[in-house]
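Okay, here's the structure, questions in a sec.
Where a number appears in this text, it was derived from the coordinates with a stated rule and is not lab data. On a predicted model such as this, the values are computed, not experimentally measured, just so you know. Ideal geometry is used to build each Cβ from the backbone, glycine not excepted, and the neighbour counts take in all protein chains shown.
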Amino acid sequence: MHKAKRVEIIIEAMMERRLTDALVGVGVSGYTVLPVSGGSGRSGQWTREGQVSRASGMVAVICLVRPERLDGLLDAAFSVVSRHIGVINITDALVLRAERF
């Protein structure tokens, strides 16, 4: 088992490409993007129900990185998230195949 950091970024779907480009730009070699169907936050509850396009929804971008790469990832992510709706969550993780990260 090898230590890693799991970073989850919830952001407006229209910002997905800008965020993933920024992550790749600092050497993040992999990530997963998932649709977010709803939630609740500072502005209250929201849902994707009734939305005509994906553009007004939210996505979750999830990646695993070595701990020493976390600061660069956070700088890149914050440069996008700071101007838009978004949340960044970091947790400790263990991975079996460290050579993939």
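Sort 16-23, 64-71 by packing, meaning the average of other beta carbons within 10 Å per residue, with the highest value first. Write down the numbers at each step before the final one.
Working: 16-23: 17.6, 64-71: 15.0.
Top of the packing list down: 16-23, 64-71.
What does the extension gain come out to for Glu99 and Val26, with contour length at 0.36 nm per residue minus their alpha carbon separation? Intermediate values should be presented prior to the final figure.
Values: separation 73, 0.36 × 73 = 26.28 nm, distance 1.77 nm.
Gain on stretching Glu99 to Val26: 24.5 nm.
If you don't mind, there's one more thing I want to ask. Can you give me the distance in nm between label points at Phe78 and Met1, each placed 7 Å from the Cα along the Cα-to-Cβ direction?
3.0 nm
Let me ask you something else. What is the packing order of peptides 82-91, 2-11, taking the mean over residues of other C-beta atoms within 10 Å and listing the highest first?
Details: 82-91: 12.7, 2-11: 18.7.
Listed from highest to lowest mean packing, they are 2-11, 82-91.
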